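The values are calculated or read from the model by the stated rules, or taken from the named source; none is laboratory data. Since the structure is predicted, the reported quantities are computational estimates derived from the model, not experimental observations. Cβ coordinates were reconstructed from backbone atoms using ideal geometry, including for glycine residues, and neighbour counts include every protein chain displayed. In case anyone asks, the SASA skips ligands and DNA or RNA and just uses the protein heavy atoms, side chains included. Shrake-Rupley method; radii C 1.70, N 1.55, O 1.52, S 1.80 Å.
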Amino acid sequence: GYKLNYPSLKKYLKEMFQISRMYVNFYFPANQSHQNFITLLKKYNFDIFTKDMIPIKSYKTGELVGNKCNFDVEITSDIHDLMDEKQNTKGFITIISGDIDFLYLIEKIKKRGFTSVLVSFESITRAALKNAPDSYISFEELLKENGRNNLFFTKNREKIKKIDSRWATLSNLK
């Protein structure tokens, strides 16, 4: 598997799509590793939005079974607000995620006249999602084109799956 080199990815996307702002959604409480990651992203001028984890309890027993932090609604709402704000300028809206929940949002982006771009790991993204945007970019293809040292370096793939679904990038909207 691979771990993203976020500063290089940001540079690549800025050059390709004239991205003016990049947002990262991150859950709390964050452990030290997450804090270090957030510090790195802030250093490279990513806008960080955080949200508390919500405990999930079993309906049958009432016992804690895990935690959940879902940004899909916030990301969708923020993109709709941005489209309202930038209706006259249009441009690209790029979503970096393999989450099928963004299929409907991509359809709305296109309907509003913006150019939709999806960037994800092809191996974990359903065909319906890959076929929905105006343009689809596979991280695997970026790796082949740009080389391992530019955008990626080897790491645990499970972490990538988790990181991949937390991204939404709003691009070319000043």
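To keep it simple, each residue is scored yes or no on (1) open to solvent by 80 Å² or more (accessible area, probe 1.4 Å); (2) more than 26 Å from Ser8 (Cα to Cα).
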{"site": "Asn25", "(1), (2)": "no, no"}
{"site": "Thr39", "(1), (2)": "yes, no"}
{"site": "Tyr44", "(1), (2)": "yes, no"}
{"site": "Thr61", "(1), (2)": "yes, yes"}
{"site": "Gly66", "(1), (2)": "no, yes"}
{"site": "Cys69", "(1), (2)": "no, yes"}
{"site": "Asp81", "(1), (2)": "yes, yes"}
{"site": "Ser116", "(1), (2)": "no, no"}
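Return the only residue of Thr115, Thr94 being within 13 Å of the chain's Cα centre (by Cα), more than 26 Å from Asn31 (Cα to Cα) and of a type in the set (S, T, N, Q).
Testing whether each residue is within 13 Å of the chain's Cα centre (by Cα), more than 26 Å from Asn31 (Cα to Cα) and of a type in the set (S, T, N, Q) leaves just Thr94.
Of the residues Ser120, Ser77, only one is hydroxyl-bearing (Ser, Thr, Tyr), surrounded by 17 or more Cβ atoms within 10 Å (Cβ to Cβ) and modelled with pLDDT under 90; which?
Answer to the selection: Ser120.
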Item checked: Matching residues, the stretch 1-21, being open to solvent by less than 40 Å² (accessible area, probe 1.4 Å), modelled with pLDDT of 75 or more and of a type in the set (A, V, I, L, M, F, W, C) -> Leu9, Leu13
Next item on the list: Give Asp101, Asp47, Asp81, Asp52 a once-over and let me know the one that is under 22 Å from Lys130 (Cα atoms) and without any contact (Cβ under 8 Å) to a residue 60 or more places away in the chain.
Entry: Asp101
